[in-house]
Amino acid sequence: MTEQQATVLYDEPASGIARITLNRPHRGNAQDVQLTYELNDAFMRAAHDRNIAVIILRGNGKHFSAGHDLKDTTHDKVGRDFPITSTWGDIETESVAGWYGWERETYLDMCRRWRDIPKPTIAQVSGACIGGGLMLAWVCDLIVASDDAIFQDPVVNIGANAVEFFAHAWEIGPRRAKEMLFTTDSWSAEDAKDWGMVNRVVSRDQIDAATLALAEQIASKPRFAIKMAKESVNAAVDAQGQRQAMDQAFALHQLCHAQNRQMFGGLLDPSGLPESIRNDERVSTLVKGK
Ligand code: ZN
């Protein structure tokens, strides 16, 4: 049975498998506030359900996720329509301090929570996986991509260092991370597999079945041992300093937002925004500035 929230679907395609589907296909599954909180609810539901052994995350339609939705004007719903999930209480959009809390709550702390779910998670990536889309793929333990998937972090174009969950250097190595960020080029699924970021590449018409088969293989293993295997690998990455480096990159990201506020009146450098957003009067000045 598939259950539907407004922007996220949840089903159990096989015994022990939860499948979460981002469901804003008309926006390339770009992430607005509502999708972010419904995704958190779905991850927590799967995490707390004793019958679920493995979690799949995918997108409905052509794309996995086109990133954070720059046309979202509902930032003030955090703490109002959607209860705050972290310990940050002073969240608002008017100040540098308030925005730091906003992005801690909705991006960094959420991503860390999902990354640390003590069950294997598999990102099933087709089409665009851009900007904030990378964050959702990277918090998962494994990535299965279709051969039409593309990966890109274009955030430098709009005046910040990278997306808020700074795993780049671990995901693809420091030199490729610099190339990804400096050029803002997009990369194919095969490239990403060569780099060790993607586990498997399959055709689009095979990706549902291939991901499910992988999930079922993992779900058949002793569950506590699998949880401890995940914890062990995550601990190795933490021991390499990933957490501290990500904290620093997040702080530098906030410095970029503060610089853009001073220079342009909004969070981003509007000169790098796509024209459809820069010229759209409905897009919040919070995002695009004056
Ligand atoms: Zn940001």
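The values are calculated or read from the model by the stated rules, or taken from the named source; none is laboratory data. Not measured: the values here are computed from a predicted model. All Cβ positions, even for glycine, are placed from backbone atoms using ideal geometry, and neighbour counts span all protein chains on display. Note: accessible area is taken over every heavy atom of the protein model, side chains too, but ligands, DNA and RNA are not part of it. Shrake-Rupley method; radii C 1.70, N 1.55, O 1.52, S 1.80 Å.
Results for (1) open to solvent by less than 70 Å² (accessible area, probe 1.4 Å); (2) modelled with pLDDT of 95 or more, shown as yes or no for each residue.
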site	(1), (2)
N51	no, yes
I56	yes, yes
R80	no, no
W88	yes, no
E94	no, no
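Any residue at all in the stretch 102-124 that's away from the ligand (no atom under 16 Å from the Cβ) and of a type in the set (S, T, N, Q)?
Pass one, the stretch 102-124, residues away from the ligand (no atom under 16 Å from the Cβ): 113-124.
Right, trim to of a type in the set (S, T, N, Q) and you get 121, 124.
Scanning the stretch 102-124 turns up at least one residue that is away from the ligand (no atom under 16 Å from the Cβ) and of a type in the set (S, T, N, Q).
If only one of A229, A249 is surrounded by 13 or more Cβ atoms within 10 Å (Cβ to Cβ), among the small types (G, A, S), in a helix (DSSP H, G or I) and within 16 Å of the ligand (Cβ to nearest atom), which one is it?
On the way: A229 fails: within 16 Å of the ligand (Cβ to nearest atom).
The unique qualifying residue is A249.
How many residues, within the stretch 55-87, are among the small types (G, A, S), under 18 Å from the mean Cα position of the chain (by Cα) and either over 30 Å from A209 (Cβ atoms) or assigned to a strand (DSSP E or B) (or both)?
Keep residues of the stretch 55-87 that are among the small types (G, A, S), which gives 59, 61, 65-67, 79, 86.
If we keep only those that are under 18 Å from the mean Cα position of the chain (by Cα) as well, we get 59, 61, 65-67, 86.
After this cut, where a residue has to be either over 30 Å from A209 (Cβ atoms) or assigned to a strand (DSSP E or B) (or both) as well, the list is 59, 65, 86.
Count: 3.
Has the stretch 126-135 got at least one residue that is in a strand (DSSP E or B), within 16 Å of the ligand (Cβ to nearest atom) and buried (at least 21 other Cβ atoms within 10 Å of the Cβ)? Give the steps one after another, and end with the answer.
Taking the stretch 126-135 as the starting set, the residues that turn out to be in a strand (DSSP E or B) are 128-130.
Filter once more, so that each one left must be within 16 Å of the ligand (Cβ to nearest atom): 130.
Keeping just the survivors that are buried (at least 21 other Cβ atoms within 10 Å of the Cβ) gives 130.
Yes, the conditions are met somewhere in the stretch 126-135.
Just name the residue that is farthest from the ligand (Cβ to nearest atom) out of those in the stretch 274-290 that are open to solvent by 80 Å² or more (accessible area, probe 1.4 Å) and in a helix (DSSP H, G or I).
Step one: of the stretch 274-290, the residues open to solvent by 80 Å² or more (accessible area, probe 1.4 Å) are 275, 278-279, 281-282, 285, 290.
So of that shortlist, the ones also in a helix (DSSP H, G or I) come out as 275, 278, 285.
Values: E275: 21, R278: 18, T285: 16 Å.
Applying the filter and picking the extreme gives E275.
For the stretch 157-193: of the residues being part of a helix (DSSP H, G or I), in contact (Cβ under 8 Å) with a residue 60 or more places away in the chain and under 29 Å from G265 (Cα atoms), which is nearest to the ligand (Cβ to nearest atom)? So that I can check it myself, show each step before the final result.
To start, the set of residues in the stretch 157-193 that are part of a helix (DSSP H, G or I) comprises 157-158, 168-172, 174-183, 189-193.
Checking the rest, the ones that are also in contact (Cβ under 8 Å) with a residue 60 or more places away in the chain come to 157-158, 169-170, 189.
If we keep only those that are under 29 Å from G265 (Cα atoms) too, we end up with 157-158.
On the way: N157: 13, I158: 10 Å.
My answer is I158.
Determine, yes or no, whether Y100 is open to solvent by 20 Å² or more (accessible area, probe 1.4 Å) and either out of contact with any Pro (no Cβ under 7 Å at 6 or more places or on another chain) or under 23 Å from L273 (Cβ atoms) (or both). Write out each step before concluding.
Numbers: open to solvent by 20 Å² or more (accessible area, probe 1.4 Å): yes; either out of contact with any Pro (no Cβ under 7 Å at 6 or more places or on another chain) or under 23 Å from L273 (Cβ atoms) (or both): yes.
Yes: the conditions hold for Y100.
Does the stretch 256-273 contain any residue that is of a type in the set (A, V, I, L, M), within 16 Å of the ligand (Cβ to nearest atom), modelled with pLDDT of 95 or more and assigned to a helix (DSSP H, G or I)?
Taking every residue of the stretch 256-273 in turn, at least one turns out to be of a type in the set (A, V, I, L, M), within 16 Å of the ligand (Cβ to nearest atom), modelled with pLDDT of 95 or more and assigned to a helix (DSSP H, G or I).
Tell me, yes or no, whether the stretch 227-237 has at least one residue that is on the phi < 0 side of the Ramachandran plot, within 20 Å of the chain's Cα centre (by Cα) and among the basic types (K, R).
yes
Within the bounds of the stretch 136-148, is there any residue that is surrounded by fewer than 21 Cβ atoms within 10 Å (Cβ to Cβ) and farther than 18 Å from Q242 by Cβ?
Checking the stretch 136-148: at least one residue is surrounded by fewer than 21 Cβ atoms within 10 Å (Cβ to Cβ) and farther than 18 Å from Q242 by Cβ.
Suppose we filter the stretch 149-163 for residues that are open to solvent by less than 10 Å² (accessible area, probe 1.4 Å) and either closer than 23 Å to V8 by Cα or among the charged types (D, E, K, R) (or both); how many remain?
First, the residues of the stretch 149-163 that are open to solvent by less than 10 Å² (accessible area, probe 1.4 Å): 149, 151, 153, 160, 162-163.
Those left that are additionally either closer than 23 Å to V8 by Cα or among the charged types (D, E, K, R) (or both): 149, 151, 153, 163.
Number of matching residues: 4.
Quickly run through the stretch 103-125 and pick out the residues that are open to solvent by less than 10 Å² (accessible area, probe 1.4 Å) and more than 26 Å from R223 (Cα to Cα).
E103, E105, T106, L108
Among the residues of the stretch 136-153, count how many are within 13 Å of the ligand (Cβ to nearest atom) and touching a residue at least 60 places away in the same chain (Cβ under 8 Å).
Taking the stretch 136-153 as the starting set, the residues that turn out to be within 13 Å of the ligand (Cβ to nearest atom) are 153.
Cutting the leftovers down to touching a residue at least 60 places away in the same chain (Cβ under 8 Å) gives us none.
Residues meeting the conditions: 0.
Among (1) hydrophobic (A, V, I, L, M, F, W, C); (2) touching an Asp or Glu at 6+ places or on another chain (Cβ under 8 Å); (3) in contact (Cβ under 8 Å) with a residue 40 or more places away in the chain; (4) part of a helix (DSSP H, G or I), where does A210 come up short?
Status for A210: all satisfied but (2).
Is it true that D90 is outside any loop (DSSP other than H, G, I, E, B) and without any contact (Cβ under 8 Å) to a residue 24 or more places away in the chain? Break it down stepwise before answering.
Numbers: outside any loop (DSSP other than H, G, I, E, B): no; without any contact (Cβ under 8 Å) to a residue 24 or more places away in the chain: yes.
For D90, the condition - outside any loop (DSSP other than H, G, I, E, B) and without any contact (Cβ under 8 Å) to a residue 24 or more places away in the chain - is not met.
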